[in-house]
Amino acid sequence: MNRKKVFLLRHSDAEYSSSTGSDFDRKLTIFGLEKVLQYRTDYLKIIAVDAVFCSTATRAMETVEVLKMSIEKRSFHKNLYEASAEDLVDFIQSISNQYNSILIVGHNPGLSGLASYLCGDLFLLNTCQLIEIDLEIVDWKLLTRGIGIEKRNIF
């Protein structure tokens, strides 16, 4: 079995409020769209994953769409919206071991908390920031504090 790897990507810059008044429905701003486009080529060279797990919040789905990630690898999960670091750990532990490398596209403070939990350092991910973490495990169920090694951090 191969060691596991997780990429964490915080959605790009979003509008302050949505037309519905719901945080969930906030769209990317023009600046946010341009930022994803600016990073897209570099990110697609780096992000070699078996699966992409994305929040169903509009801004997260738009970020993935602009990146042009393979449709076959994408899945969308409402429980990734407002997920805490603990929720994200539970989510990852439930992933099939057929996947060795995954990308999670979501939100703060959960993603920053997860990166901090895995690597033992303090992280505060900016919008559209990507962090690559190598894990010293071969089974997602073994995910625990301090087993991650920050390989790349791009923002």
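The values are calculated or read from the model by the stated rules, or taken from the named source; none is laboratory data. These numbers come from a predicted model, not from an experiment. Here the Cβ positions follow ideal geometry from the backbone for every residue, glycine too, while neighbour counts run over all protein chains shown.
For the reader, a short list of remarks on this structure follows.
- In the set (1) touching a Cys at 6+ places or on another chain (Cβ under 9 Å); (2) charged (D, E, K, R); (3) under 25 Å from Gly120 (Cα atoms), Glu86 fails one condition alone, (1).
- Residue, surrounded by the most Cβ atoms within 10 Å (Cβ to Cβ), within the stretch 67-89, restricted to residues that are within 22 Å of Arg152 (Cα to Cα) and modelled with pLDDT of 95 or more: Leu88
- Index of the failed condition, Lys5 passing every other in (1) charged (D, E, K, R); (2) modelled with pLDDT under 95; (3) within 16 Å of Leu130 (Cα to Cα): (2)
A quick yes/no check of all residues on (1) free of Cβ contacts under 8 Å to residues at least 24 places away in the same chain; (2) not acidic (Asp, Glu):
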{"residue": "Ala14", "(1), (2)": "no, yes"}
{"residue": "Ile30", "(1), (2)": "yes, yes"}
{"residue": "Lys35", "(1), (2)": "no, yes"}
{"residue": "Leu44", "(1), (2)": "no, yes"}
{"residue": "Ala51", "(1), (2)": "no, yes"}
{"residue": "Thr58", "(1), (2)": "no, yes"}
{"residue": "Glu62", "(1), (2)": "no, no"}
{"residue": "Leu67", "(1), (2)": "no, yes"}
{"residue": "Leu80", "(1), (2)": "no, yes"}
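- The conditions of being under 26 Å from Lys151 (Cβ atoms) and surrounded by 15 or more Cβ atoms within 10 Å (Cβ to Cβ) are not met by Lys45.
- Only residues that are part of a helix (DSSP H, G or I) and either touching a strand residue (DSSP E or B) at 6+ places or on another chain (Cβ under 8 Å) or under 24 Å from Thr20 (Cα atoms) (or both) were counted in the stretch 68-103, giving 7.
- Residue in the stretch 56-71 that is among the charged types (D, E, K, R) and touching a His at 6+ places or on another chain (Cβ under 7 Å) present: yes
- Residue in the stretch 122-146 that is surrounded by the most Cβ atoms within 10 Å (Cβ to Cβ), counting only those that are within 18 Å of the chain's Cα centre (by Cα) and of a type in the set (Val, Ile, Thr): Ile131
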